[in-house]
Amino acid sequence: MGDGILGDETTGLQEWVRQRRVFLISSPSILELHSVVLRPLSERAANWHVLEVPEGEDAKSVGVAAGLWGEMLEAGAKRDSRVVAFGGGSVGDLAGFVAGCYMRGLEYVQVPTTLLAQVDASVGGKTAVNLVRAKNSVGLFNHPWRVVADTRLLATLPLEELRSGLMEVVKMAVLSDSELFSVLERDLEDLLEGDPAILTPVVAAAVQAKIDIVERDPTERSERMLLNLGHTLGHALEAGLDYQFLRHGEAVGYGILFAVRLAEERNLSVDTANRIRRLVERFELPRLPVLDPDALMRLICRDKKVNEGGWRWVLPVDLGGCEIVSDLTEAVVRRELEAFLAELESAR
């Protein structure tokens with residue numbers, strides 16, 4: 001990770017692609033903005049194939065994945081060919097899934113171009129595509145050979161994308177780093193300016209916190225489930241709004257607010273709950289349209305974190321500490337969800 005790191009030969013990328021057939025998976029907007037930075041890699045590859053996919057969550061479908069496998073087969077992809085994911089979180093999720101399944105696994109690298117992808121989506125090896133109304137429901141753990149996060153690429157991001165990415169930093173701070181939370185409280189406005197020099201240490205801290213958890217639990221058997229803070233309701237909101245209305249980080253922001261509400265009913269102090277709320281509210285999340293609680297509850301029940309044994313929620317217990325709880329009944333969640341949505345509606 002670093003400002004201009006893509007041009008640094010110490011990343012090992014130039015040797016990794018040398019004399020290989022390389023498949024670059026990206027979206028049209030990213031290629032238009034940033035494809036020039038990959039020219040040194042393309043010049044070292046034996047063959048360089050650019051595979052374009054739709055923008056955003058539209059890329060993450062079984063149909064798009066099947067189309068890529070067909071293109072790779074026609075272009076002569078072999079077991080030792082390479083895949084480069086070049087884009088935001090959706091491109092990275094899709095490309096990692098495609099690489100992991102083709103011929104039982106090709107090596108791939110993540111070159112994330114958004115803050116959300118650099119701080120979260122590219123790290124940890126989770127890859128997936130969506131089914132209708134069920135986000136990330138078909139996928140596999142497939143760790144990349146390397147993640148190269150060049151913060152210089154963030155300079156072109158709109159404010160909304162910076163906010164979305166920084167919400168994942170908030171998540172990591174609430175989860176495991178109270179000092180990082182204090183930095184966010186102090187410097188949020190400067191961070192939203194997108195200056196790589198200011199963003200890099202904050203992003204690095206959040207990434208390191210995630211890596212520490214992933215290394216201890218790479219396939220989410222226990223502790224790694226904590227990384228889902230805010231994602232249970234967040235994913236339901238994304239799916240319920242057809243992946244069109246909210247960016248991922250915005251949905252997670254609402255999910256964090258709901259988790260705080262549930263935690264207050266247990267043992268989270270009022271002071272801590274209010275600090276978290278105040279920080280999230282400074283992000284000025286888009287106002288939600290009127291939502292049906294019953295429809296959201298159905299989507300929550302499809303979430304991967306709901307297993308045969310029942311519900312699992314990640315709730316803060318203190319600033320920098322969370323727990324996984326499984327004793328919240330459906331009735332309690334429904335009651336709190338209805339009250340949460342009613343409060344949001346009254347504030348419109």
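Key figures for this structure:
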quantity: Positive-end residue of Met1, Leu341, Asn130, charge dipole of the chain with Cβ unit charges; calculated: Asn130
quantity: Residues Thr219, Thr232 arranged by fewest to most Cβ contacts within 10 Å; calculated: Thr219, Thr232
quantity: Only Lys, Arg (+1) and Asp, Glu (-1) charged, at Cβ; the chain dipole about Cα centre in debye; calculated: 1040 debye
quantity: Lysine-lysine proximity count for the chain, Cα under 22 Å, sequence distance 8 or more or distinct chains; calculated: 18
quantity: Cα-based equivalent ellipsoid, the chain: semi-axes from gyration tensor eigenvalues, Å; calculated: 34, 22, 18
quantity: Share of pairwise Cα separations in region 158-346, more than 27 Å, in percent; calculated: 24 percent
quantity: The chain: angle of helix 196-216 to the longest principal axis, Cα-based, in degrees nearest 10; calculated: 80 degrees
quantity: Cα Rg over Rh - region 97-167, Kirkwood; calculated: 1.02
quantity: Ranked Leu246, Leu94, criterion: other C-beta atoms within 10 Å, fewest first; calculated: Leu246, Leu94
quantity: Tilt relative to the chain, helix 231-240 - C-alpha long axis, 0 to 90 degrees, to 10; calculated: 80 degrees
quantity: Equivalent-ellipsoid semi-axes of region 5-155, from the Cα gyration tensor, Å, largest first; calculated: 21, 18, 14
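Just so you know, all these numbers are worked out from the coordinates, no wet-lab data involved. Computed from a predicted structure; not experimentally measured. For neighbour counting, all protein chains shown are included, and Cβ atoms are generated from backbone atoms with ideal geometry for every residue, glycine included.
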